[in-house]
Structures are given as structure tokens and as C-alpha cells.
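This report refers to the structure that appears directly beneath it.
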Amino acid sequence: MKPPPNPHLVLAVALLLPGVGQVMNRQPMRGLIFLFFIILLGAFTLKTASPDVSFVGKMAGGLFVWAMAALDAYKTARIRAAVWAHSRG
């Protein structure tokens, strides 16, 4: 049985590329769903934010979902690594 990816590597990749952490955890559909909501909420806050708001403020919805996706990928990778280590003895 192939060992799961290192949770810290999954976190680093998830912080750089949204949804790819879930792909590394063998959950590609979950990654696509996160990516969809990052784009959806990023576009929503971009359109609804007032003109004087900073770029980060205009993208706050998408950035929030991106952060949640990264945490989800890391948590899943840690659980998978612990289960794999436990099953190995």
C-alpha cells in the first residue's frame, strides 16, 4: 500500500494552488468544489465591494474559502498519515 503524502507538503501545495491539496489527498471532486466556491465568492465580493476597498478586501470571499480549503487539505492529510502509520504497526 502506497503511503499518503506528507501533510506539510500538502499544506504548502494547497496554499500555493487552491484545490490541489485535495487532489493530492485523492479527493479531486472536493478540490473542484472548493475551486468553484473560491471563484464564485471571489467574484461576488469583487462585484459588491465599494471602490475604495483594497484588493484583499475585494477578494475576501475567495481568499476565505482558499484558506478553508488549505486547512481542509492539511487536516485530511494528517488524518490519512496517522491512519496509515497506525495500520503499519
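Tabulated data for the structure shown
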{"read-out": "Whichever lysines have a C-alpha closer than 25 Å to that of Lys75, once near sequence neighbours (fewer than 8 apart) are set aside", "value": "Lys2"}
{"read-out": "Within segment 7-80: Cβ-based charge dipole about Cα centre, in debye rounded to nearest 20 (Lys, Arg +1; Asp, Glu -1)", "value": "280"}
{"read-out": "Cα pair count fraction exceeding 12 Å, expressed as % - segment 30-75", "value": "57"}
{"read-out": "Inter-label distance, nm, simple model (7 Å from Cα along the C-beta direction), Val83/Ile39", "value": "3.0"}
{"read-out": "Kyte-Doolittle at least 1.0, axis length at least 20 Å by Cα - qualifying DSSP helices, the chain", "value": "28-48"}
{"read-out": "Descending semi-axes in Å of the chain, equivalent ellipsoid built from Cα gyration tensor", "value": "32, 11, 8"}
{"read-out": "Reachable lysines, given that their alpha-carbon falls under 27 Å from the alpha-carbon of Lys47 and they are not under 8 places away in the same chain", "value": "Lys58"}
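Since every read-out is calculated from the coordinates, none of them should be taken as a lab result. All figures in this text were calculated on a predicted structure; none of them were measured in a lab. Don't worry about glycine lacking a Cβ; one is built from the backbone with ideal geometry, like all the others, and counts go over all protein chains shown.
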